[in-house]
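Peer 1: Submitted below is the structure of interest, expressed as C-alpha cells.
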Amino acid sequence: MVSSPPQPNPDTPRPEALVEVERLAKNYGASPVFGGVSFSVPPGAFVAIVGESGVGKSTLLNCLAGLDRWDAGSIRVGTTVLDGLDETARALWRRESVGFVFQAFHVLPHLDVAQNVCLPLLLLGRPDPARVQAMLDAVGLSDLGTRLPAQLSGGQLQRVAIARALVHRPRLVLADEPTGNLDPATATRVMDLLIEQSRQEGSALVLVTHSEAAAARADRVLHLTAEGIRA
C-alpha cells in the first residue's frame, strides 16, 4: 500500500514543474470545450482532474499526450514545448515520454500479456525482457506473461495496461478513469501501482476520474469546467 503523501513544508522550495499548461483552450467547431486551463505538475506528483461528464476531461488528457490539437495556449513537458511540433515529432515524443492508461484497456488480443507489455520498448528499439518481467511482478501478474488477453479478468487487463504504460519509464503518465470498471479492492490496487511507480520514477501522473476515492489519493485535485480549471 502507498501511504498518503506528506504535507508540504512552506519553507521548502517548490520543485520545477515537469508539466506546465498555460491558458489552454479547445473548441469543436464553433463550440468551446474548455478555455483558460492552466496548471503545473512537479516531478513525482499526482494530479487528479474531476468534473461533470462532457466537460472535456478526456479531451484534456488527449491534448496533454499530443493526440488532439488545441486552439490556444501552450503545453510544456520537461524541455519539450508541444505547440510547435508537427504530427511526426509529436508521435516520436509521445513514444518516448508518455504512458497512457486507457479506460478501455486497448490491449492487442493476438499478443500475450508479456508481448503487450513489451510493445513500448519494441517501438523504441529497446527490448528488455527483464524490465517486462519486473513490471509484471510489480502489477501482480508474474506468472501470466504467456496468457492471452481473452483469458484475463477486467482487473487483470487493467494491470496489463498499467504495466505497458510504465514499462519504458515515461516522464508523463496519463490515466483516463483507470478504476471506472473495477471492484473497490482491485481499484485500490490499481491506484497503489500508479502512484508507487510514478513516485519511484519521478514522473508526473495526471488522472481523470469520477471516483472520490481515487481523487482523494492525489496531491492536488483540479476541477475542470467550460470556463477553466480550479483547485
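The values are calculated or read from the model by the stated rules, or taken from the named source; none is laboratory data. Please read these numbers as outputs of a predicted model, since none were measured by experiment. All Cβ positions, even for glycine, are placed from backbone atoms using ideal geometry, and neighbour counts span all protein chains on display.
Peer 1: What number of residues within segment 57-107 satisfy the criterion of being touching a helix residue (DSSP H, G or I) at 6+ places or on another chain (Cβ under 9 Å) and under 23 Å from Arg220 (Cα atoms)?
Peer 2: The total comes to 16.
Peer 1: Still on this structure, please answer the following. Out of everything in segment 54-68 that is part of a loop (DSSP other than H, G, I, E, B) and without any contact (Cβ under 8 Å) to a residue 40 or more places away in the chain, what residue ends up being farthest from the chain's Cα centre (by Cα)? I'd like the intermediate steps shown before the answer.
Peer 2: Taking segment 54-68 first, the residues part of a loop (DSSP other than H, G, I, E, B) are 54-56, 65-68.
Going one step further and asking which of them are without any contact (Cβ under 8 Å) to a residue 40 or more places away in the chain, we end up with 54, 66-67.
Working: Gly54: 19, Gly66: 13, Leu67: 13 Å.
Step by step, filter segment 54-68, then rank; the result is Gly54.
Peer 1: Suppose we filter segment 197-231 for residues that are outside any strand (DSSP E or B) and either aromatic (Phe, Trp, Tyr) or in contact with a His (Cβ under 8 Å, 6 or more places away or on another chain) (or both); how many remain? Talk me through it step by step, then tell me what you get.
Peer 2: Going through segment 197-231, the residues outside any strand (DSSP E or B) turn out to be 197-203, 209-219, 226-227, 231.
After this cut, where a residue has to be either aromatic (Phe, Trp, Tyr) or in contact with a His (Cβ under 8 Å, 6 or more places away or on another chain) (or both) as well, the list is 231.
Residues meeting the conditions: 1.
Peer 1: Mind listing whichever residues of segment 144-162 are at pLDDT below 95 and either over 21 Å from Gly180 (Cα atoms) or among the polar types (S, T, N, Q) (or both)?
Peer 2: Ser153, Gln156, Gln158
Peer 1: While we're on this one: Could you run through segment 132-153 and say how many residues are more than 16 Å from Leu193 (Cβ to Cβ) and among the hydroxyl-bearing types (Ser, Thr, Tyr)?
Peer 2: Looking only at that region, the number is 1.
Peer 1: Scan segment 132-168 for residues that are charged (D, E, K, R) and crowded, with 17+ Cβ neighbours inside 10 Å and jot them down.
Peer 2: First, pick out the residues of segment 132-168 that are charged (D, E, K, R): 137, 143, 147, 159, 164.
Answer for segment 132-168, where residues must be charged (D, E, K, R) and crowded, with 17+ Cβ neighbours inside 10 Å: Arg159, Arg164.
Peer 1: Which numbered condition in (1) of a type outside the set (Lys, Arg); (2) in contact with a Ser or Thr (Cβ under 7 Å, 6 or more places away or on another chain); (3) at pLDDT 95 or above; (4) surrounded by fewer than 20 Cβ atoms within 10 Å (Cβ to Cβ) is the only one that Val21 fails?
Peer 2: All conditions pass for Val21, except number (4).
Peer 1: Name the residue that is modelled with the lowest pLDDT, counting only residues in segment 172-196 that are assigned to a loop (DSSP other than H, G, I, E, B) and crowded, with 19+ Cβ neighbours inside 10 Å. Spell out the reasoning first.
Peer 2: Pass one, segment 172-196, residues assigned to a loop (DSSP other than H, G, I, E, B): 177-183.
Next, from what is left, pick out any that are crowded, with 19+ Cβ neighbours inside 10 Å: 177-179, 182.
Values: Glu177: 91, Pro178: 88, Thr179: 85, Leu182: 81.
For segment 172-196, the residue satisfying everything is Leu182.
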